[in-house]
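Here you go, one structure.
The values are calculated or read from the model by the stated rules, or taken from the named source; none is laboratory data. If you're wondering where the values come from, they're calculated on a predicted model, not measured in any experiment. Ideal geometry is used to build each Cβ from the backbone, glycine not excepted, and the neighbour counts take in all protein chains shown. Ligands, DNA and RNA are stripped out before the accessible areas are found, and what is left, the full protein with its side chains, is counted by its heavy atoms. Shrake-Rupley method; radii C 1.70, N 1.55, O 1.52, S 1.80 Å.
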Amino acid sequence: QVQLVETGGGLVQAGGSLRLSCAASGIRFSVGAMNWYRHAPGKSRELVASITAGGITNYADSVKGRFTISRDNAKNTVALQMRSLKVEDTAGYYCNAHVWDYDYWGQGTQVTVSS
């Protein structure tokens, strides 16, 4: 059974930091691309950051220089370190695994940034 479980969301003031983590099971984690998406009410879902099996990272322009994605293949985890958070970063954050043309999703974790 495939499971992606996100943790680390919460309420933080603008300028603060949060670290999200996603623990995966039931998939060939090491061969998959791992992604963090976010979805805010009234907005389209946005790909925030991605990391390939080889460790190549990519970021949305809106988070470049503030967010860092990393993965630990030994622990089957992917993390998103978020710094200098802005009110507009408020959203549900979702972990996604893309493995061999299949997509798997976590339940999401809420990040709320207050002004």
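Determine if segment 69-82 includes at least one residue that is among the small types (Gly, Ala, Ser) and free of Cβ contacts under 8 Å to residues at least 24 places away in the same chain.
yes
Given the options Thr57, Thr90, Thr68, name the one that is modelled with pLDDT of 95 or more, within 21 Å of Ala33 (Cα to Cα) and surrounded by 15 or more Cβ atoms within 10 Å (Cβ to Cβ).
Matching residue, one of Thr57, Thr90, Thr68: Thr68.
Of all the residues that make up segment 1-32, how many are within 14 Å of Gly108 (Cβ to Cβ), part of a strand (DSSP E or B) and either modelled with pLDDT under 90 or of a type outside the set (A, V, I, L, M) (or both)?
Residues in segment 1-32 being within 14 Å of Gly108 (Cβ to Cβ), part of a strand (DSSP E or B) and either modelled with pLDDT under 90 or of a type outside the set (A, V, I, L, M) (or both): 6 in total.
Considering only segment 1-46, state which residues are touching a residue at least 40 places away in the same chain (Cβ under 8 Å), open to solvent by 50 Å² or more (accessible area, probe 1.4 Å) and on the phi > 0 side of the Ramachandran plot.
Gly15
Let me ask something else about it. Looking at segment 90-111, I want the residues that are farther than 18 Å from Phe67 by Cα and have a partner that is of a type in the set (Asp, Glu) with Cβ atoms under 6 Å, at least 6 apart or on another chain. Which pairs are those?
If the second residue must be of a type in the set (Asp, Glu), the pairs left are Gly106/Glu6.
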